Every structure is written in structure tokens, then in C-alpha cells.
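Enquirer: Can you read through this structure? Questions will come right after.
Taken together, the values in this text are just the output of simple stated rules run on the coordinates, not laboratory data. Because the structure is a prediction, the values reported are computed rather than measured. In this analysis, Cβ positions are derived from the backbone assuming ideal geometry, glycine residues included, and neighbour counts consider all displayed protein chains.
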Amino acid sequence: MAKRMDVGTSHHTPIKHAIMREFVGKEVRAANSLGWLKRLVWIDLTAGNAIPAYDAPWSDACSPGILASRAAQSGKPVVVDLCEKNPETYATLLDSLAKHLPGLGYRRTDEHKWRARNAEVRVWNRDGREVGTDYIQKSDAVLVLNDPNAITEWAMHRSFTALLAKKAKGIRTLSCVGFNVAGIKRTPFRRDEPGQRIDSLSQRSDWYDLIRSITDVLPDRLDLMLAGFTRDSSQWAYLFSSPKVWRDKGEEESVIASAFTVTGEPHDYEFAWYKRDEEKFTRLVDRRILTKSELEARENEPLPFDDSEGEDAA
Ligand SMILES: C[S@@+](CC[C@H](N)C(=O)[O-])C[C@H]1O[C@@H](n2cnc3c(N)ncnc32)[C@H](O)[C@@H]1O
């Protein structure tokens, strides 16, 4: 049964972890039945400190705990790579892993590595955007978690999904994105001065490229869901890819329906699939990237055939 969270705890985090738990858990269950799959590679680009911010078991309440616990239960070999760019957070992450991993059956093999049965956890004080793909093999299925503090800190290099799609047989991503954390939608839609762009994401028009970096290389068998809060000043949304067979059985709709009530009170949300309903998907993305007045201006734009002067006299 859903547990009511302590007063003052953000509801975003437990909802995000509910989606993450299913995203990872379903991968483990599916992997057991896939003969071609030799290894699972899970890359957490934004691991954080692995200290739960609300009252729940460690294995369920932080991304390193979710990954390490599910990896330890996998029937197939799993490599878990945890990246954290902030040195102090990285140090806390190592301490937290040292405290919790032995309880899941892991033993430490190096300062930043642990092993349990089929699973290896490796921790890197590194920028997620610099993670390489040299070690990825054709018989790998890769999961990527991209959970920055705001969209302006998007931690997945823009060609990362394309590179992984070429090297591995399977790749799925989960990005947790706050489109208006601390009012970042005040960022200009376009900047005039060149040289200010790209990695700083200092113009909102670039935010569309981040989503395109996933949709452009979505394999045939996958679709991408955007599920986000309808009323939320930070405009948090979750973007994750899933097999169309799960989509068509309604499995992912059930996942988000229970995730958005996990705190004990329902939160209004909306969702769309990129391939199944691109128009709706685009509308939901626009709502997150454009300001109210930009959306209104777009809606009032005259359609090409409204221009009677330019009409062909057919
Ligand atoms: C929202 S927290 C992550 C929480 C964690 N994923 C969880 O669910 O328990 C974001 C973390 O990502 C780190 N971070 C942000 N951008 C990063 C990047 N480009 N590379 C690596 N770490 C990054 C931040 O320092 C911060 O600790």
C-alpha cells in the first residue's frame, strides 16, 4: 500500500524512484528470457550521494540503491557504472555504498568497485557527458539513467544514444527532467550572440535537441513516453523508452498510474507516446519548453490557407 511521505518531503523524488524501480526491475525480468543477451550494462550518469531523502529502504530510495539491489538479483551478468561529477558528493556516495552494499551480498574489490555474484558496481568521479562506449559489446543491453537537477544540467552527451544504439543490441534511457526548476524558463528562447550555446543550454530552443537526441535514434521496437505533472511549478517530467509490446499491453500506463500516487495522494499527470501519438507528444514537450505567451502566440499563428491574398485562384 502507498505510504504517505513525511511533511516537507518533495513528492517528486519518491515518484521518480517509483518509475526508476519499474524501469530497472522490468529490464531484469525481460533479460532472463532473451537468449542473445549476454550482459546488462547500466549507466547512471547522475548518481548523487546515495542517501535517501525520504523514509524508505536504501534499495528503493536512491538510484545507486535501486541499481545495485536489482543487479544483485539478476540471472545475467550486470555492470553498473555510477558517475557523479561533484567530488564531495562522490566521496559521500562511496561511503554510502560501503555502508549498504555488503548487506546486498557485495564485497569491495577496489576503492571504487564492488562485486556480488553476477554483478559489478563501479563508481566514477566523472562528468556523465564524458562517459565512453569502448567497453560496450554487441550482446549487451544498456540502460541509461539521466537525472540532473534541471534540464540545463542534462548529463547525457548528445551523441551518446546514437553511439550506444550502434554498438549494443538494446538501449533504453530514462531521463528525469525539471523544465522550470528555479524558474529556468526565464532563459531566452534564442540568444543572438553565438558561442553562448550548446553545453550551457543557455537558450531554450536547444532543449528540443536533447529530446531529439533520443527520438532520432529510437529503434523500431521501442517507443518513448513522456509523463509529467500537469500542475507543477518546476515542470518535472520523465522520459523513458520502452518496448512497443509493453506499451501495447498498457503496462507502462499502469507503472505511471501507480507512481504518481506513491506518496499516498494522487498527483495529476499527463503522458504521451512519441511514436503512437507524435502530435500529443510534441504538444506536451512544447508546454514544457515554451512560455505561456509563446504557446499562445503559436496557437494564434495564421495557418497557411488563412492568407486569402496568397490563395491560388483555382
Ligand atoms: C538529482 S541528483 C541525482 C539523484 C540520484 N539519481 C537518485 O535518484 O538518487 C543529481 C546529481 O547529479 C550530479 N550531476 C549533475 N550533472 C552531472 C553530470 N553532468 N555528470 C555527473 N554528475 C552530474 C549532481 O552533482 C547531483 O549529485
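Enquirer: Say the cut-off is 23 Å between C-alpha atoms; which of 185/275; 26/169; 166/275 go over it?
Expert: Working: 185/275 27 Å; 26/169 17 Å; 166/275 21 Å.
From the list (185/275; 26/169; 166/275), the Cα-Cα distance tops 23 Å for 185/275.
Enquirer: Rounded, prolate or oblate: which one fits the chain, using the alpha carbon gyration tensor with axes a ≥ b ≥ c (rounded when a/c is under 1.5, else prolate when a/b beats b/c, else oblate)?
Expert: Values: a/c = 1.72, a/b = 1.62, b/c = 1.06.
Prolate shape, in that a/c is at least 1.5 and a/b is the bigger ratio.
Enquirer: Another question about this same structure. For residue 99, go through the lysines and keep the ones whose alpha-carbon is under 22 Å away, minus same-chain ones fewer than eight residues off.
Expert: Output for residue 99: 85, 113.
Enquirer: Ranking 238, 54 by Cβ neighbours within 10 Å, fewest first, what do you get? Working shown, then result.
Expert: Values: 238 26, 54 17.
Lowest to highest Cβ neighbour count: 54, 238.
Enquirer: Right, another one. Rounded, prolate or oblate: which fits segment 213-303 when a ≥ b ≥ c are the square roots of the eigenvalues of the alpha-carbon gyration tensor, with rounded for a/c under 1.5 and prolate only if a/b beats b/c?
Expert: Working: a/c = 2.38, a/b = 1.21, b/c = 1.96.
Verdict is oblate for segment 213-303.
Enquirer: A further question on this structure: Go through segment 123-212 and name the trypsin sites (Lys or Arg not before Pro) that are in a DSSP coil and have 13 or fewer other Cβ atoms within 10 Å of their Cβ. Walk me through the numbers on the way to the answer.
Expert: Values: sites: 126, 129, 138, 158, 166, 167, 169, 172, 185, 186, 190, 191, 197, 204, 212; in loops: 126, 138, 158, 169, 190, 191, 197.
Sites meeting the loop and neighbour criteria: 138, 190.
Enquirer: Sticking with this structure for a sec: State whether segment 1-96 is rounded, prolate or oblate according to the following rule on the C-alpha gyration tensor (a ≥ b ≥ c being the square roots of its eigenvalues): a/c under 1.5 gives rounded; otherwise a/b larger than b/c gives prolate, and the remaining case gives oblate. Present the calculation step by step, with values, prior to reporting the outcome.
Expert: Working: a/c = 2.64, a/b = 1.37, b/c = 1.92.
Note, shape of segment 1-96 comes out oblate.
Enquirer: Can you figure out the FRET efficiency of residue 287 with residue 244, using R₀ = 22 Å and their beta-carbon distance, to the nearest 0.05?
Expert: Given R0 = 22 Å and the Cβ-Cβ separation, E is 0.35.
Enquirer: Modelling each spin label as a point 7 Å along the Cα-to-Cβ direction, I'd like the residue 278/residue 73 distance in nm, to one decimal.
Expert: Distance between the two pseudo-spin positions: 3.8 nm.
Enquirer: Taking 0.36 nm per intervening residue step and subtracting the Cα-Cα distance, what contour gain separates residue 127 from residue 29 on full extension?
Expert: Net length gain for the segment: 32.3 nm.
Enquirer: Right, next: Select from segment 1-94 those trypsin sites (Lys or Arg not before Pro) which occupy a DSSP coil region and have at most 11 other Cβ atoms within 10 Å, ordered by residue number.
Expert: Working: sites: 3, 4, 16, 21, 26, 29, 38, 39, 70, 85; in loops: 3, 4, 38, 85.
Sites meeting the loop and neighbour criteria: 4.
Enquirer: Another question, if that's okay. Order of 246, 154 from fewest to most other C-beta atoms within 10 Å? Write down the numbers at each step before the final one.
Expert: Details: 246 17, 154 24.
By the 10 Å Cβ count, ascending: 246, 154.
Enquirer: Something else about it: Hey, with R₀ at 41 Å, roughly what FRET efficiency would residue 111 and residue 10 work out to, going by the Cβ-Cβ distance, to 0.05? Present the calculation step by step, with values, prior to reporting the outcome.
Expert: Working: r = 32 Å, r/R0 = 0.79.
My answer for the efficiency is 0.80.
Enquirer: If you don't mind, there's one more thing I want to ask. Given only helices, namely DSSP H runs of n ≥ 4 each adding -39500 (n - 2.57), what is the per-residue ellipticity at 222 nm of the chain, to the nearest 500 deg cm²/dmol?
Expert: Working: 9 runs with 95 residues, N = 314.
So the helix-based figure for the chain works out to -9000 deg cm²/dmol.
Enquirer: How do 284-293, 109-118 rank on mean C-beta neighbours within 10 Å, highest first? Intermediate values should be presented prior to the final figure.
Expert: On the way: 284-293: 16.4, 109-118: 14.8.
Output ranking for 284-293, 109-118: 284-293, 109-118.
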